[in-house]
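Undergrad: Can you read through this structure? Questions will come right after.
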Amino acid sequence: MLVNGKWTEDWQPVQAKDEQGGFVRQISSFRNWITPNGSAGPTGEGGFAAEAGRYHLYVALICPWASRTLIARKLKKLDDVVSVSVVEPTLTDQGWRFGDYPGSNRDELNGATYLHELYSLADDDFTGRATVPVLWDKKRRTIVNNESAEIVRMFNSGFGALADQSIDLYPQDLRADIDALNERIYPSLNNGVYRAGFATTQIAYTEAYGGVFAMLDDLETRLADGPFLLGAQPTEADIRLFVTLVRFDAAYHGLFKCNLRRLSEYPNLMAYLNRVLAIPGIRATVNIDHIKKGYYSIRSLNPNGIVPDGPDLSDLGF
């Protein structure tokens with residue numbers, strides 16, 4: 001936790017609780033947008049024009065929100081436009097750390113040891129948690145945005161001709177449907193697994209648990225005819241669903257106590273997962289070792305830090 005730009009206390013997974021002891025997620029703080037001409041976006045200030053090599057993405061491979069942005073970057077073919085650094089999977093007392101764990105990097109750009117140092121660099125009076133993803137502006141040496149949903153949309157349309165124009169993750173004719181699906185899936189499933197895992201009362205846990213499996217049952221029916229949530233082509237809604245589903249059996253089923261059924265017991269969802277994994281570039285954004293190592297490093301949920309050898313994920317090719 002940063003207070004006025006200074007690290008003040010050990011990292012804790014529960015940011016806030018509601019009156020029933022339910023998990024409440026922190027609202028993202030940096031909300032500027034990259035646009036083709038540098039004009040202001042829906043929030044924040046202008047001055048962040050699309051330029052190759054100007055921006056850098058900080059992510060954790062354990063984190064579904066960060067993985068959304070990696071997938072959008074990959075699908076829009078922005079690999080050579082936006083560079084990337086990956087933190088280590090294990091959460092430390094000071095949160096995300098850069099280092100040499102396989103699949104991770106040191107921060108060669110800013111020389112930070114911990115992600116929270118970047119927040120202090122961007123705002124020396126920042127108070128809050130240092131979360132991933134972080135979209136960094138090398139030119140202005142500041143954070144552009146740390147809200148994954150907005151970074152996904154920036155990668156889709158904010159880079160203009162620098163991105164692959166043949167893929168549209170938020171097509172105009174489907175925007176209302178995408179928004180409606182996001183509004184249903186996020187609270188019950190994307191965030192629902194966290195609400196179950198980090199609940200501090202039985203009533204909060206039971207409510208979240210019920211919502212998770214009600215949504216999975218609904219999606220199992222919806223995807224009976226496939227191939228994707230809204231037709232023949234993947235959209236932003238598929239990215240948002242996929243990152244939760246691919247972590248479900250590896251982490252949420254056991255550690256987060258979402259154990260009514262494994263995802264492998266849903267044939268349509270498993271077929272859907274494999275279809276998404278078959279899209280070129282998607283599999284490279286998934287690191288099951290980081291996912292397991294990271295989630296099982298949360299001491300409040302797993303005090304001894306033992307990482308399970310299972311489950312068998314060979315049905316997904318892992």
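The values are calculated or read from the model by the stated rules, or taken from the named source; none is laboratory data. Predicted model, so just to flag it, every value in this text is computed and none were measured. Glycine gets a Cβ as well: all are built from the backbone with ideal geometry, and neighbour counts include every protein chain shown. Remember, those area values only see protein heavy atoms, side chains included, never the ligands or the DNA or RNA. Shrake-Rupley method; radii C 1.70, N 1.55, O 1.52, S 1.80 Å.
Undergrad: Which residue pairs have Cβ atoms under 6 Å apart, sit 6 or more places apart or on different chains, and have a first residue in region 251-262 that is farther than 12 Å from Gly210 by Cα and free of Cβ contacts under 8 Å to residues at least 60 places away in the same chain and a second that is among the hydroxyl-bearing types (Ser, Thr, Tyr) and crowded, with 19+ Cβ neighbours inside 10 Å?
TA: Partner pairs satisfying both residue conditions: Ala251/Tyr295; Leu255/Tyr295.
Undergrad: Return the residue satisfying two criteria in turn: it lies in region 7-46 and is open to solvent by less than 40 Å² (accessible area, probe 1.4 Å) and at pLDDT 70 or above, and of such residues it is nearest to Ala161 (Cα to Cα).
TA: Here the residue is Thr35.
Undergrad: Then there is this: Using beta carbons and a limit of 6 Å, which pairs, at least six apart or on different chains, have the first residue in region 285-299 and over 7 Å from Pro89 (Cβ atoms) and the second one aromatic (Phe, Trp, Tyr) and surrounded by fewer than 21 Cβ atoms within 10 Å (Cβ to Cβ)?
TA: Ile288/Phe318
Undergrad: To continue, here is another question. Output the residues belonging to region 172-202 that are part of a helix (DSSP H, G or I) and hydroxyl-bearing (Ser, Thr, Tyr).
TA: Filtering region 172-202 down to residues part of a helix (DSSP H, G or I) leaves 172-190, 192-197, 202.
Matches in region 172-202: Tyr186, Ser188, Tyr194.
Undergrad: Only one of these conditions is not met by Arg299: (1) in contact with a Phe, Trp or Tyr (Cβ under 8 Å, 6 or more places away or on another chain); (2) at pLDDT below 95. Which number is it?
TA: For Arg299, the failing item is (1).
Undergrad: Tell me the residue from Leu75, Leu135, Leu91 that is hydrophobic (A, V, I, L, M, F, W, C) and touching a strand residue (DSSP E or B) at 6+ places or on another chain (Cβ under 8 Å), please.
TA: Values: Leu75 fails: touching a strand residue (DSSP E or B) at 6+ places or on another chain (Cβ under 8 Å); Leu91 fails: touching a strand residue (DSSP E or B) at 6+ places or on another chain (Cβ under 8 Å).
Result of the check over Leu75, Leu135, Leu91: Leu135.
Undergrad: Hey, another quick one. Looking at (1) open to solvent by 70 Å² or more (accessible area, probe 1.4 Å); (2) out of contact with any helix residue (DSSP H, G or I) (no Cβ under 9 Å at 6 or more places or on another chain), which is the one condition that is false for Arg283?
TA: Result: Arg283 passes all but (2).
Undergrad: Sticking with this structure for a sec: Give the residue that is farthest from Val246 (Cα to Cα), with candidates limited to residues of region 187-210 that are hydroxyl-bearing (Ser, Thr, Tyr) and buried (at least 16 other Cβ atoms within 10 Å of the Cβ). Show your work before the answer.
TA: Step one: list which residues in region 187-210 are hydroxyl-bearing (Ser, Thr, Tyr), which gives 188, 194, 200-201, 205-206, 209.
Subset that is buried (at least 16 other Cβ atoms within 10 Å of the Cβ): 188, 194, 205, 209.
On the way: Ser188: 16, Tyr194: 15, Tyr205: 22, Tyr209: 18 Å.
The selected residue is Tyr205.
Undergrad: Also, I was wondering about something else. I'd like to verify a number: residues in region 91-116 that are open to solvent by 50 Å² or more (accessible area, probe 1.4 Å) and either of a type in the set (Val, Ile, Thr) or out of contact with any Ser or Thr (no Cβ under 9 Å at 6 or more places or on another chain) (or both), how many?
TA: Residues flagged as open to solvent by 50 Å² or more (accessible area, probe 1.4 Å) and either of a type in the set (Val, Ile, Thr) or out of contact with any Ser or Thr (no Cβ under 9 Å at 6 or more places or on another chain) (or both) within region 91-116 amount to 5.
Undergrad: Suppose we filter region 94-114 for residues that are charged (D, E, K, R), over 20 Å from Pro64 (Cα atoms) and in contact with a strand residue (DSSP E or B) (Cβ under 7 Å, 6 or more places away or on another chain); how many remain? Spell out how you get there, then give the answer.
TA: Let us first name the residues in region 94-114 that are charged (D, E, K, R), namely 97, 100, 106-108.
So of that shortlist, the ones also over 20 Å from Pro64 (Cα atoms) come out as 100, 106-108.
Okay, now just the ones that are also in contact with a strand residue (DSSP E or B) (Cβ under 7 Å, 6 or more places away or on another chain), so 107.
Final tally of qualifying residues: 1.
Undergrad: I've got another one for you. Would you confirm whether any residue within region 150-162 is of a type in the set (Gly, Ala, Ser), out of contact with any Leu (no Cβ under 7 Å at 6 or more places or on another chain) and open to solvent by less than 10 Å² (accessible area, probe 1.4 Å)?
TA: Going residue by residue through region 150-162, those that are of a type in the set (Gly, Ala, Ser) are 157-158, 160-161.
Narrowing further to those that are out of contact with any Leu (no Cβ under 7 Å at 6 or more places or on another chain): 157-158, 160-161.
Those still in the list that are open to solvent by less than 10 Å² (accessible area, probe 1.4 Å) too: 158.
There is at least one residue in region 150-162 that is of a type in the set (Gly, Ala, Ser), out of contact with any Leu (no Cβ under 7 Å at 6 or more places or on another chain) and open to solvent by less than 10 Å² (accessible area, probe 1.4 Å).
Undergrad: Now, a different point. Just wondering, is there one or more residues in region 260-270 that are within 30 Å of Gln172 (Cβ to Cβ) and of a type in the set (Lys, Arg)?
TA: Step one: list which residues in region 260-270 are within 30 Å of Gln172 (Cβ to Cβ), which gives 268-269.
Retained after the next criterion (residues that are of a type in the set (Lys, Arg)): none.
So far as region 260-270 goes, no, none of its residues is within 30 Å of Gln172 (Cβ to Cβ) and of a type in the set (Lys, Arg).
Residue-wise test of (1) under 17 Å from the mean Cα position of the chain (by Cα); (2) touching a residue at least 12 places away in the same chain (Cβ under 8 Å); (3) farther than 24 Å from Glu9 by Cα; (4) part of a helix (DSSP H, G or I).
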| residue | (1), (2), (3), (4) |
| --- | --- |
| Asp125 | no, yes, no, no |
| Val152 | yes, yes, yes, yes |
| Phe155 | yes, yes, yes, yes |
| Asp164 | no, yes, yes, no |
| Tyr170 | no, yes, yes, no |
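Undergrad: Being in a strand (DSSP E or B) and open to solvent by 30 Å² or more (accessible area, probe 1.4 Å) is the filter here; which residues of region 72-90 pass it? It would help to see each step written out before you state the result.
TA: Pass one, region 72-90, residues in a strand (DSSP E or B): 82-86.
Result: Ser83, Val84.
Undergrad: Suppose we filter Asp217, Asp238, Asp315, Asp309 for residues that are in contact with a strand residue (DSSP E or B) (Cβ under 7 Å, 6 or more places away or on another chain) and without any contact (Cβ under 8 Å) to a residue 60 or more places away in the chain; which single one remains?
TA: Details: Asp217 fails: in contact with a strand residue (DSSP E or B) (Cβ under 7 Å, 6 or more places away or on another chain); Asp315 fails: in contact with a strand residue (DSSP E or B) (Cβ under 7 Å, 6 or more places away or on another chain); Asp309 fails: in contact with a strand residue (DSSP E or B) (Cβ under 7 Å, 6 or more places away or on another chain).
Residue meeting the stated conditions: Asp238.
Undergrad: State whether one or more residues within region 142-149 are under 22 Å from Asn191 (Cα atoms), assigned to a loop (DSSP other than H, G, I, E, B) and under 15 Å from the mean Cα position of the chain (by Cα).
TA: Going through region 142-149, the residues under 22 Å from Asn191 (Cα atoms) turn out to be 145-149.
After this cut, where a residue has to be assigned to a loop (DSSP other than H, G, I, E, B) as well, the list is 146-147.
Keeping just the survivors that are under 15 Å from the mean Cα position of the chain (by Cα) gives 146-147.
Yes, that holds for at least one residue.
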